[in-house]
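The values are calculated or read from the model by the stated rules, or taken from the named source; none is laboratory data. None of the values given here were measured: they were computed from a predicted structure. Cβ coordinates were reconstructed from backbone atoms using ideal geometry, including for glycine residues, and neighbour counts include every protein chain displayed.
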């Protein structure tokens with residue numbers, strides 16, 4: 001949006017990243033006043049042009065208005081509508097959006113309820129309504145013919161022959177993957193909506209021009225249908241309903257406009273507005289195409305449907321998408337693994353926690369173990385693993401003393417985390433012990449001739465991993481001794497970054513309960529357990545104290561300034577790393593696009609929404625340089641360094657639809673790959 005030359009870089013253009021700006025319009029109309037309605041359509045088209053919209057969807061029969069009954073069959077009305085179409089086509093020469101306008105058109109002695117696609121002075125094609133409602137308040141078969149069988153035809157409009165039928169997919173010659181299909185109102189209420197075939201024919205955006213009078217509960221019904229169709233068809237769905245100005249002789253109208261993408265609501269208009277409404281959202285068509293590639297079920301369905309991509313007609317068009325920085329009009333979650341709404345967050349935490357508990361319960365039953373062994377550091381991951389284990393014991397009718405917890409202080413363990421570890425173990429009521437690993441670590445460092453054993457302050461990776469390895473070694477031997485198995489505590493974020501000690505270290509366990517849970521969600525799971533009284537007041541107090549602790553492996557002593565070792569200072573903020581992880585793994589997006597989305601999510605702490613209850617003093621913001629720097633480090637660690645650790649990850653349940661990193665499940669990759677492709681793309685496209 002800025003005029004500064006820096007922002008003219010193609011990186012800042014939403015179109016460069018596969019976004020198409022769509023809008024629904026509820027124009028201010030008059031019943032049966034075609035000239036007035038024509039002008040209203042053009043006024044909204046101009047507004048959409050000024051907002052850099054690429055595709056504008058008007059309501060059904062918006063030129064004549066919908067509820068005019070037998071007036072549809074008046075010759076004067078039919079002629080006036082066709083004349084209005086000609087004027088809109090002519091006026092569209094200087095407008096950037098493709099216009100989808102509702103009008104009744106005659107063809108071979110029948111009148112059809114149609115949607116017209118208009119772009120840059122051309123009538124691209126006409127799509128007739130397939131399913132005509134003829135029940136309760138609807139009586140469309142009195143006036144219109146069904147177009148459900150019309151394929152491969154043309155229609156003459158104002159002397160021009162244009163494609164006509166329900167087999168049309170309109171494809172941009174300018175923006176790749178901008179391909180749309182049209183259906184009309186009742187079509188989406190059908191058992192098999194025409195848009196299902198349109199999606200299978202390659203359309204990424206499904207458009208519905210609707211009249212749809214309003215009754216109690218119908219708004220929810222529309223949401224249900226549009227959300228379901230966008231998810232099932234792996235597409236965006238744009239729905240535009242008639243509003244104020246339609247006849248209220250027997251019905252009322254609310255002008256609902258909604259935009260869904262892959263089941264997610266992107267935008268919704270104000271209902272019952274007296275003024276014209278423009279509801280705008282940026283649809284990610286590249287994301288849609290990538291999702292179809294990733295799910296072979298979509299292509300299987302196309303084959304069963306007779307390969308509509310081979311039988312449908314493609315209507316190419318050119319339009320003039322805006323260049324440069326036009327902003328981004330869509331919600332971009334800062335925390336893609338954490339819902340912003342309190343009710344959704346509560347439901348997700350309930351599910352995530354119980355998925356973990358259920359997975360662990362089954363492993364206890366299958367092994368016939370006599371104990372569970374877990375290392376308790378006083379940090380987030382081991383804390384959450386412990387309360388998962390405690391709930392598993394409760395559900396199976398086992399005493400919590402079945403859990404054997406060990407705190408194992410090393411050279412850099414702080415009094416605070418050690419104290420929290422003991423408080424937690426005592427509050428939960430497990431079998432708790434302490435093993436000081438410093439004597440054994442000192443012996444090992446001496447045995448290998450490490451400089452630290454000679455009194456030198458050398459705190460390298462060997463120094464760190466001697467401690468991490470000893471802790472895991474003790475846990476496995478204790479599991480042998482007590483006929484149990486080791487509970488892993490590492491989380492999804494650490495697996496992505498390779499922030500764990502391989503083999504004899506925290507990468508290994510007998511069963512890992514947190515492997516499917518990212519760090520940002522673990523914090524909320526602990527807070528949810530505390531605030532919903534899952535374990536009582538004493539445990540709640542300890543959990544909240546642990547949440548306020550700096551994330552640190554505590555393997556290196558504090559510096560002269562007293563600053564403790566910080567994980568995030570080394571590998572980057574987990575809130576950014578989890579953002580990168582979600583968009584790269586779940587959607588396979590390019591680094592430049594991940595950076596673009598991260599910039600819009602994180603550049604202004606005062607903009608957008610935060611998860612419910614997120615502390616004000618922790619609401620960070622990041623500029624592009626910071627995002628780029630940490631993204632580069634993430635790409636190096638994820639693609640070029642850490643896969644060998646994930647290739648040998650222990651069993652553990654998948655928790656989030658955002659994906660998991662088990663080589664037996666969501667993520668399969670070679671351990672010796674190069675990150676060159678991703679780093680080159682980042683370097684070439686992110687300033």
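Some notes on this structure:
- Residue within region 58-65 that is outside any loop (DSSP other than H, G, I, E, B), out of contact with any helix residue (DSSP H, G or I) (no Cβ under 7 Å at 6 or more places or on another chain) and either modelled with pLDDT of 95 or more or assigned by TED's automatic domain parsing to the domain that holds residue 235 (or both) present: no
- When region 212-245 is limited to residues that are more than 21 Å from the chain's Cα centre (by Cα) and part of a helix (DSSP H, G or I), the one that is surrounded by the most Cβ atoms within 10 Å (Cβ to Cβ) turns out to be 222.
Results for (1) touching a residue at least 12 places away in the same chain (Cβ under 8 Å); (2) closer than 23 Å to residue 254 by Cα, shown as yes or no for each residue.
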| site | (1), (2) |
| --- | --- |
| 61 | yes, yes |
| 90 | yes, no |
| 102 | yes, yes |
| 141 | no, no |
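- Among the candidates 416, 429, residue that is in the same structural domain as residue 363 (by TED's automatic domain parsing), within 21 Å of residue 542 (Cβ to Cβ), buried (at least 17 other Cβ atoms within 10 Å of the Cβ) and in contact (Cβ under 8 Å) with a residue 12 or more places away in the chain: 429
- Residue within region 302-325 that is farther than 30 Å from residue 154 by Cβ, in contact with a strand residue (DSSP E or B) (Cβ under 6 Å, 6 or more places away or on another chain), at pLDDT 95 or above and assigned to a loop (DSSP other than H, G, I, E, B) present: no
- Of the strands (runs of 3 or more DSSP E) entirely within region 101-211, those holding at least 3 residues that are within 22 Å of residue 29 (Cβ to Cβ) occupy 110-119, 122-128, 179-184, 205-209.
- Of all the listed residues (592, 629, 662, 657), the sole one being in contact with a helix residue (DSSP H, G or I) (Cβ under 9 Å, 6 or more places away or on another chain) and within 21 Å of residue 573 (Cβ to Cβ) is 592.
- From 216, 205, 182, residue being without any contact (Cβ under 8 Å) to a residue 12 or more places away in the chain and either assigned by TED's automatic domain parsing to the domain that holds residue 239 or on the phi > 0 side of the Ramachandran plot (or both): 216
- Number of positions in region 498-510 that are farther than 21 Å from residue 546 by Cα and buried (at least 24 other Cβ atoms within 10 Å of the Cβ): 2
- Boolean, residue 645 is in a helix (DSSP H, G or I) and either closer than 27 Å to residue 408 by Cβ or touching a strand residue (DSSP E or B) at 6+ places or on another chain (Cβ under 7 Å) (or both): yes
- Flag if residue 250 is part of a loop (DSSP other than H, G, I, E, B), surrounded by fewer than 19 Cβ atoms within 10 Å (Cβ to Cβ) and not assigned by TED's automatic domain parsing to the domain that holds residue 658: yes
- Identity of the residue in region 666-687, over 24 Å from the mean Cα position of the chain (by Cα) and not in a helix (DSSP H, G or I), that ends up nearest to residue 629 (Cα to Cα): 687
- All of 488, 484, 498 fail the test of being farther than 16 Å from residue 645 by Cβ and over 21 Å from the mean Cα position of the chain (by Cα), apart from 484.
- In region 603-625, residue farthest from residue 348 (Cα to Cα) [restricted to those that are touching a helix residue (DSSP H, G or I) at 6+ places or on another chain (Cβ under 8 Å), touching a residue at least 40 places away in the same chain (Cβ under 8 Å) and surrounded by 13 or more Cβ atoms within 10 Å (Cβ to Cβ)]: 624
- Residue count, region 367-381 (criterion: more than 16 Å from residue 528 (Cα to Cα) and surrounded by fewer than 24 Cβ atoms within 10 Å (Cβ to Cβ)): 6
- Region 93-104 - residue that is out of contact with any helix residue (DSSP H, G or I) (no Cβ under 7 Å at 6 or more places or on another chain) and crowded, with 17+ Cβ neighbours inside 10 Å and, of those, farthest from residue 169 (Cα to Cα): 102
- Within region 28-57, tally of residues that are crowded, with 24+ Cβ neighbours inside 10 Å and at pLDDT below 95: 1
- Test: residue in region 253-261 that is touching a residue at least 60 places away in the same chain (Cβ under 8 Å), within 24 Å of residue 586 (Cβ to Cβ), surrounded by fewer than 19 Cβ atoms within 10 Å (Cβ to Cβ) and within 15 Å of the chain's Cα centre (by Cα): no
- Where residue 663 falls short, out of the listed (1) outside any helix (DSSP H, G or I); (2) surrounded by 13 or more Cβ atoms within 10 Å (Cβ to Cβ); (3) in contact (Cβ under 8 Å) with a residue 24 or more places away in the chain: (3)
- In region 564-584, the residues that are out of contact with any helix residue (DSSP H, G or I) (no Cβ under 7 Å at 6 or more places or on another chain), closer than 17 Å to residue 637 by Cα and at pLDDT below 95: 567, 569, 570
- Of everything listed in (1) outside any helix (DSSP H, G or I); (2) within 40 Å of the chain's Cα centre (by Cα), the single unmet condition for residue 88 is (1).
- Hits in region 369-424 - residues which are closer than 24 Å to residue 443 by Cβ, over 37 Å from the mean Cα position of the chain (by Cα) and assigned to a loop (DSSP other than H, G, I, E, B): 408, 409, 410, 411, 412, 413, 414
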